Amino acid sequence: MYEVAIIGAGPAGASAALFAAKAGKKTIMFDNGKSITAKAWVENHYGVDPIEGPKLLESGQKQAEKFGTELIKQAVDSIEEKEEMYTITTSEGSYNAEHVIFATGMSTKLAEEFGLEVVDGIEPRVAKIIKVNEYGHTSYPKVWAAGTVAGVSVHTIITAGDGAKVAVNVISELNGKRYVDHDIMK
């Protein structure tokens with residue numbers, strides 16, 4: 001069983017996976033290959049030279065994998081709650097996780113099918129978002145949302161930061177105390 005499953009591998013999802021895996025949590029991330037970042041040219045991402053969206057996605061996903069995230073390049077077909085855990089199903093298998101983070105960009109389809117509450121979006125061209133509190137938590141136990149689907153701006157720097165924020169909150173809940181990831185130069 002995974003401690004953290006992230007549905008979506010764009011900036012929010014990969015950032016959440018990076019933080020979770022670096023914290024030693026058994027992490028899995030699902031990529032359906034439909035991130036809007038794949039069509040982006042990014043010149044406004046702090047600390048990063050101008051970069052093509054696909055290269056930014058690849059870099060973020062590799063960073064998460066470096067710390068142990070398992071990347072599954074398949075769309076999630078369904079998710080269901082079973083005995084205090086969640087079963088995530090793709091066309092090729094099922095995976096169990098204690099916590100789930102939706103980082104599905106502009107799509108709320110899977111969240112709605114699962115039964116999460118969605119509300120109108122506020123960003124241009126973002127019709128619906130998952131209703132979350134200030135920590136990224138949904139109304140379901142151990143189910144979270146991060147990035148555009150959670151109502152933050154579509155900018156990669158903002159969604160990546162929101163993914164990190166939500167992951168820190170999940171890690172803190174798993175640890176039973178507030179988690180901080182701060183490395184020091186050697």
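Every read-out reported here was derived from the displayed coordinates using simple, explicitly stated rules and does not represent laboratory data. Because the structure is a prediction, the values reported are computed rather than measured. Ideal geometry is used to build each Cβ from the backbone, glycine not excepted, and the neighbour counts take in all protein chains shown.
Observations
- Counted charge near MET85, where neighbours are those whose Cβ lies closer than 11 Å (Asp, Glu -1; Lys, Arg +1): -4
- Computed [θ] at 222 nm, deg cm²/dmol, the chain (DSSP H ≥ 4; -39,500 (n - 2.57); rounded to nearest 500): -9000 deg cm²/dmol
- Build a GNM of the chain with springs between Cα atoms under 10 Å apart, and of ALA127, ALA103, ALA146 the one that fluctuates most is ALA127.
- Violating pairs (Cα-Cα greater than 18 angstrom) within the set LYS34/LYS73; LYS62/LYS142; LYS26/LYS186: LYS62/LYS142; LYS26/LYS186
- Normalised by the number of residues in the stretch 2-175, the average gap of Cα pairs under 8 Å and 6 or more apart makes the relative contact order 26 percent.
- The loop-placed GluC sites (Glu not before Pro) in the stretch 91-186, going by DSSP, that have at most 11 neighbouring Cβ atoms within 10 Å of their Cβ come out as GLU92, GLU134.
- Note on ALA38/PHE67: beta-carbon distance plugged into 1/(1 + (r/R0)^6) with R0 of 30 Å gives a FRET efficiency of 0.85.
- Kyte-Doolittle mean at least -1.0 and Cα axial length at least 24 Å: DSSP H helices in the chain: 156-175
- In the stretch 2-175, the DSSP beta bridges split such that about 55 percent are antiparallel, to the nearest 5.
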